[in-house]
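Readers should treat all values here as calculations from the given coordinates under stated rules, not as data from a laboratory. Computed from a predicted structure; not experimentally measured. Here the Cβ positions follow ideal geometry from the backbone for every residue, glycine too, while neighbour counts run over all protein chains shown.
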Ligand code: KIV
């Protein structure tokens, strides 16, 4: 679905919840993924710190830096996706001081072109969330499996199982909403718990591995398209196997170059430009593509 008409703003989050319509969020990290996400009709783009794993090759999200996030946010913003862009605050960017956290979040907005930031964690984030909200920076919370806590959690495990953990997560969700978060990601929590939280709090929940009771869903671009095969959590649905298609395409390219089948006559230039019937140079400018102005004869 190509989005026509008015650009969406962050108000889409509250509106979808009020109207009982599901929110659709997808990660993107660069121009191409953002253009695809927007053309597919998502409601919002998350520039997740998952970029560290699916694009930058780290084993976890922990090494991702503020500079990485600003760089990728800017690429997404250049796509002008006409939907809100939410940028993850990377590990370390909101752990030192409140002042530091606000300055880092402002970079994502001012330099990165994001409309909001996402902060992982619950009750320990009170001062940071309140300060960001006071600085006019919309904040999305993130509870459950928070990948930046991988060392403390001892791995990537389902969270909120058992009465005590579930009660704690429900309280933290209510607190994040009270401090002013406009939405919450719930990652890898039992579906009954996510559904209960979604009923209880006034702001929308966006689930990943949290079942159908959430107010919306988010997936990682490379996971849903089968481009990243390093990990395949149960909650990922593969909507396409572009990784396999890409590997086949590269193998065919390699074969054709080696066999002398590529480039063919249609891919090369003659020493004189072709002339169109009306006598003008048959130069097609304004083509989409990164070399759109190169002669197409
Ligand atoms: O970094 C990310 O992509 C995320 C989503 C999985 C919610 O935080």
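At a glance:
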read-out	value
Sorted by Cβ neighbour density within 10 Å, fewest at the top, the residues 71, 268	268, 71
Neighbour-count ranking [beta-carbon atoms within 10 angstrom, fewest first] of 124, 115	124, 115
Residue 62-residue 157 FRET efficiency (beta carbon distance; Förster radius 25 Å; 0.05 resolution)	0.90
Relative contact order, percent, the chain [alpha-carbon distance under 8 Å, six or more residues apart]	13
Gaussian network model of the chain, Cα within-10 Å springs - most flexible of 30, 68, 19	19
Cα-based helix-to-principal-axis angle, 98-110 vs the chain, degrees rounded to 10	30
Helical mean residue ellipticity (222 nm; -39500 (n - 2.57) per DSSP H run of 4+; nearest 500) of the chain	-11000 deg cm²/dmol
Rounded to 5, percent antiparallel among DSSP beta bridges of the chain	5
Candidates 64, 12, 83: whichever shows maximal mean-square fluctuation once the chain is modelled as a Gaussian network with Cα springs under 10 Å	12
Cα-based helix-to-principal-axis angle, 242-259 vs the chain, degrees rounded to 10	20
Euclidean distance between Cα centres, the range 219-260 to the range 9-85, Å	20
Highest-fluctuation residue, 274, 194, 166 considered, GNM on the chain with Cα pairs under 10 Å	274
Cα-projected label distance for residue 6 with residue 200, points at 7 Å along beta-carbon direction, nm	3.4
Taking 214, 73 and counting other C-beta atoms within 10 Å, the order from fewest to most	214, 73
Descending Cα extents along the principal axes, the chain, whole Å	75, 38, 37
With Cα atoms, 0 to 90° folded angle of helix 191-200 axis to the chain main axis	70
Label-point gap, in nm, between residue 164 and residue 238 - each point 7 angstrom along Cα→Cβ	4.0
